[in-house]
Amino acid sequence: MNLNIGVIKGDGIGPEIVAEAMKVLDKAGEAYGFTCNYEHLLLGGASIDVHGIPLTDETVEKARACDAVLMGSIGGDANTSPWYQLEPSKRPEAGLLKIRKELNLFANLRPAVLYDELKDACPLKEEITAGGFDMMIMRELTGGLYFGERKTVEEDGVMTAYDSLTYNENEIRRIAVRAFDIARKRRKKVTSVDKANVLDSSRLWRKVVEEVAKDYPDVELAHMLVDNCAMQLVKDPKQFDVILTENMFGDILSDEASMVTGSIGMLASASLNDTKFGLYEPSGGSAPDIAGKGIANPIATILSAAMMLRFSFDQDQAADAIEAAVSKVLKDGFRTGDIMSEGCVKVGTADMGSLICERIK
Ligand code: NAD
Ligand code: IPM
Ligand code: MN
């Protein structure tokens with residue numbers, strides 16, 4: 001079986017972490033009888049350097065023609081990179097937002113799991129982490145503040161900037177349905193996070209989520225205000241199963257949740273539409289501060305590749321094998337710098353990839 005995978009190496013640590021995910025995919029392919037055909041595509045800073053813009057129409061069409069896309073992170077250091085001299089619509093992040101919109105990738109799944117072995121890397125007290133935790137952050141990805149009307153104008157000598165936050169009921173319903181479907185296969189609890197005490201968009205969000213919940217009487221629904229959620233994530237992360245939230249809140253809360261799992265370098269993600277297609281990428285950024293040093297943690301990207309095998313290719317056994325290999329490598333005491341703790345063996349990006357490959361059964 002051939003898997004047609006678009007590969008966007010990205011910027012900063014992107015090429016380093018994607019190389020390890022490809023190594024792992026190839027190893028899983030040998031073990032489970034599939035071949036990955038990779039088509040390399042440009043997005044973000046790497047595309048600006050070649051084409052002057054962060055995403056070409058050709059890349060969108062090529063990505064669409066693939067069965068799934070694996071991506072490293074994009075972007076650079078806003079203070080030093082020449083990409084940030086360009087107008088906002090031509091910067092790396094604009095390409096990422098455009099591809100999400102063009103491919104209708106409205107459902108962003110970010111699984112935050114505390115591996116038993118990583119408890120030492122988690123900054124929370126042991127009594128909070130005991131028993132571990134496993135939550136799925138469902139972030140709406142193609143609406144809200146990210147895609148609202150934006151402008152900066154001068155009015156009476158005063159500069160004013162506008163960013164508008166818009167959601168319609170259809171956009172809310174489709175992500176809510178996806179969250180309830182996923183919760184049904186997990187611990188059957190959805191916590192919908194909003195700011196309904198202030199925002200109209202959140203009040204509509206809450207109303208639509210409640211309507212959707214009527215079709216899922218077996219799934220418990222709780223509403224939580226976003227500020228409280230940020231606090232509860234560190235006070236008692238075990239209470240969460242599926243967190244359903246809008247684009248901007250999901251961006252912020254998922255970085256917070258990643259740290260509760262030990263490191264942003266552990267947080268995978270899948271961006272999905274209504275088909276089997278998906279774009280799979282680590283939730284963290286291009287980490288310009290450590291790029292090129294061979295020390296970035298590739299595990300989030302490797303786990304994103306496992307999500308790709310599961311969702312886009314129905315290769316559940318291979319996905320399970322990759323996840324088990326990650327677990328084993330941590331159990332065996334190997335760590336990249338970001339998750340390092342006493343008594344463990346510190347390894348670089350490529351070694352971590354190879355150690356995971358060796359453990360794929
Ligand atoms: P970042 O996530 O890149 O880095 C934050 C911190 O986490 C840094 O100290 C970094 O070294 C560390 N880190 C991140 N990933 C790591 C990994 N795999 N292993 C070890 N350490 C890791 O966030 P930032 O510095 O705010 O953003 C840098 C650039 O990345 C910006 O241009 C931003 O726009 C972009 N970005 C892209 C994506 C994406 O492509 N999906 C996501 C977030 C940020
Ligand atoms: C993420 C990133 C992006 C976002 C940026 C790079 C536009 O932070 O995927 O979490 O905010 O969605
Ligand atoms: Mn983010």
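The values are calculated or read from the model by the stated rules, or taken from the named source; none is laboratory data. Not measured: the values here are computed from a predicted model. Quick reminder, even Gly has a Cβ in these numbers, built from the backbone with ideal geometry, and neighbours come from all protein chains shown.
Looking at segment 257-269, which of the residues that are within 12 Å of ligand 2 (Cβ to nearest atom) and surrounded by fewer than 24 Cβ atoms within 10 Å (Cβ to Cβ) is nearest to Gly132 (Cα to Cα)?
Once the filter is applied, the top-ranked residue is Ser258.
Please go through (1) within 14 Å of ligand 2 (Cβ to nearest atom); (2) assigned by TED's automatic domain parsing to the domain that holds Gly95 for Ile295 and return the number of the only condition it doesn't satisfy.
If we test Ile295 against (1) within 14 Å of ligand 2 (Cβ to nearest atom); (2) assigned by TED's automatic domain parsing to the domain that holds Gly95, just (1) comes out false.
Assuming Gly76 fulfils every condition listed in (1) more than 25 Å from Phe311 (Cα to Cα); (2) of a type outside the set (Lys, Arg); (3) away from ligand 2 (no atom under 16 Å from the Cβ) apart from one, which condition is it?
(3)
Scan segment 247-280 for residues that are of a type in the set (Ser, Thr, Tyr), assigned to a loop (DSSP other than H, G, I, E, B) and either within 19 Å of Gly337 (Cβ to Cβ) or away from ligand 3 (no atom under 16 Å from the Cβ) (or both) and jot them down.
If the condition is that a residue be of a type in the set (Ser, Thr, Tyr), assigned to a loop (DSSP other than H, G, I, E, B) and either within 19 Å of Gly337 (Cβ to Cβ) or away from ligand 3 (no atom under 16 Å from the Cβ) (or both), then Thr261, Ser263, Thr275 are the ones that fit.
Does Thr166 qualify as being surrounded by fewer than 13 Cβ atoms within 10 Å (Cβ to Cβ) and not aliphatic (A, V, I, L, M)?
No: the conditions fail for Thr166.
Condition (residue is within 16 Å of the chain's Cα centre (by Cα) and surrounded by 19 or more Cβ atoms within 10 Å (Cβ to Cβ)) applied to segment 51-66: is it met by at least one residue?
no
If Leu244 passes every condition in (1) within 16 Å of ligand 2 (Cβ to nearest atom); (2) not in a helix (DSSP H, G or I) but one, which one does it miss?
Answer for Leu244: the failing condition is (1).
Listed residues Thr160, Thr191; which is without any contact (Cβ under 8 Å) to a residue 60 or more places away in the chain and within 17 Å of Val226 (Cβ to Cβ)?
Thr191
Do we have any residue at all in segment 193-213 that's under 25 Å from Asp274 (Cα atoms) and part of a loop (DSSP other than H, G, I, E, B)?
no
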